Structure formats: structure tokens, C-alpha cells
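Enquirer: Below you'll find the structure I mean.
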Amino acid sequence: MTVFLEGVEERPFIPTEYVVRLASPSWERAGYHALRREVFCTEQHIFADDDRDTIDDIAIPIIAACCMAGMPDRVVGAVRIHEAEPGVWRGSRLAVHADHRKLGRIGAELIRMAVSTAHGLGANQFLAQVQEQNVLFFRRLHWKSLGTITLHGLLHHDMQADLSRYPAHGQDQTWLLRPQPRTRQVA
């Protein structure tokens with residue numbers, strides 16, 4: 001027997017647990033690259049077919065995965081970090097799946113893991129080139145703009161993280177999340 005409920009819209013399943021960690025198994029790395037292609041090629045049209053470049057050869061990939069029964073199941077967030085020169089680390093290709101962006105913490109936790117990991121690996125400076133629409137988000141996370149630059153036809157800010165806000169650590173996995181959807185409060 002099939003029961004239809006009128007007025008109930010189809011919604012994507014949003015899990016209650018996420019893990020943020022260094023991508024390791026091949027399925028995580030494949031999901032990491034697939035998500036980046038989805039966001040930067042299909043959604044934003046910044047790159048034609050693939051966003052990979054030579055930095056991927058040296059970068060450390062970090063993912064956010066939603067969990068089912070406590071086990072990572074699907075990659076829904078991605079970022080990469082690399083040491084550009086001794087002590088100077090960079091983050092790039094921050095992406096969160098569209099269905100998981102309104103949870104409010106996945107992007108922030110990816111950034112926290114990226115900067116704290118680099119700090120633990122000896123970073124004395126952490127930089128990123130951030131799209132204009134994301135600058136306020138990064139400022140709330142204790143980053144400052146060092147100026148603007150145009151990349152791939154889009155305005156970006158060169159930004160620097162305040163390392164005093166990102167304690168160094170050497171963990172492979174951290175921040176098992178239980179994000180809640182943002183709700184608006186009416187005064």
C-alpha cells in the first residue's frame with residue numbers, strides 16, 4: 001500500500017553526523033575530486049571539465065563526510081592545503097555540496113581543520129584566495145583581507161588567517177559534527 005502525503009515536499013536526506021578529516025581511502029579521494037568538479041565546473045562554471053592542477057600533486061586533501069551509523073558515507077565538503085614556501089601554507093578549492101551549505105558549520109570546520117593541520121605542520125602564515133561573496137564568512141572566522149585580485153575572471157581577496165585562533169594539531173580526523181539548520185529569529 002502506498003501512502004501519499006499532500007503538502008509534503010521532497011527534501012534531500014540531511015544526516016546529523018559529519019566527520020572532517022584528511023582524505024585517505026580511494027573512495028574519499030574520488031569523492032573529493034567529484035565534489036570539486038561539481039562545484040567549480042558544473043555549478044560555478046569556473047573551469048570547463050576539471051579543476052585539477054599541479055598543486056594537487058603536493059596538496060593534502062581534507063574532506064567532510066556525512067555519516068551513516070557513525071561511519072563516513074559520502075563526501076560533502078572539500079578543501080586542500082599545501083606549503084607554498086617554507087612556513088607559508090595555502091588553502092584552496094573549498095567546496096561544500098549545495099544540499100549541505102545551509103547547515104552553517106561544514107565550511108567553517110573544513111577551514112578550521114585546514115589551518116590547524118597546517119599550523120601543526122609548521123605554518124607561520126596561512127593564506128587563501130577567497131571569492132568576493134565569501135569574504136565576510138572568512139572575516140567571521142578571524143581572517144583579514146590583504147587586497148584584491150582577479151582570478152578566472154572573478155574578484156577574489158588574498159586573505160590571511162589569524163593563526164592564534166587556530167591551535168596547531170596533528171590529528172587525522174576531528175570535529176564530529178552535529179550541525180543544525182539555521183533558523184531565523186523574528187524580533
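Enquirer: Given the Cα-Cα distance of residue 41 and residue 162 and 0.36 nm per residue of separation, how much length would full extension add, in nm? Show your work: numbers first, answer last.
Expert: Numbers: separation 121, 0.36 × 121 = 43.56 nm, distance 3.05 nm.
Stretched out fully, the residue 41 to residue 162 stretch lengthens by 40.5 nm.
Enquirer: For the peptides 107-115, 123-131, what is the packing order when you average, over each peptide's residues, the other Cβ atoms within 10 Å and list the highest mean first?
Expert: Values: 107-115: 22.7, 123-131: 19.0.
Listed from highest to lowest mean packing, they are 107-115, 123-131.
Enquirer: Mind telling me which of 85, 132, 38 comes out most flexible in a GNM of the chain, alpha-carbon contacts under 10 Å?
Expert: 85
Enquirer: Another one. Under a 10 Å cutoff between Cα atoms, tell me which one of 26, 145, 116 has the largest fluctuation in the Gaussian network model of the chain.
Expert: Greatest mean-square fluctuation among the candidates belongs to 26.
Enquirer: Calculate how steeply helix 106-120 sits against the longest principal axis of the alpha-carbon atoms of the chain, using the helix alpha-carbon long axis, and give the answer as 0 to 90 degrees to the nearest 10.
Expert: Tilt of helix 106-120: around 30 degrees.
Enquirer: Here's another thing I want to ask about it. Figure the gain on full extension for residue 101 and residue 82 (residue separation times 0.36 nm, minus the Cα-Cα span) and round it to one decimal in nm. Can you show the working numbers first?
Expert: Values: separation 19, 0.36 × 19 = 6.84 nm, distance 2.45 nm.
Separation in residues times 0.36 nm, less the Cα-Cα distance, equals 4.4 nm.
Enquirer: Calculate how large, on average over all directions, the projected area of the Cα convex hull of the chain is; give the answer in nm² to one decimal. Walk me through the numbers on the way to the answer.
Expert: Values: hull surface 57.6 nm².
So the mean shadow area of the Cα hull is 14.4 nm².
Enquirer: Roughly how tilted is helix 26-37, in degrees to the nearest 10 and between 0 and 90, from the longest Cα axis of the chain?
Expert: Computed tilt is about 90 degrees.
Enquirer: Distance in nm between label sites at residue 129 and residue 172, each 7 Å beyond Cα in the beta-carbon direction?
Expert: 3.3
Taken together, the values in this text are just the output of simple stated rules run on the coordinates, not laboratory data. Just so you know, these numbers come straight off a predicted model, no measurement behind them. No Cβ is skipped: glycine too gets one built from the backbone with ideal geometry, and neighbour counts run over all protein chains shown.
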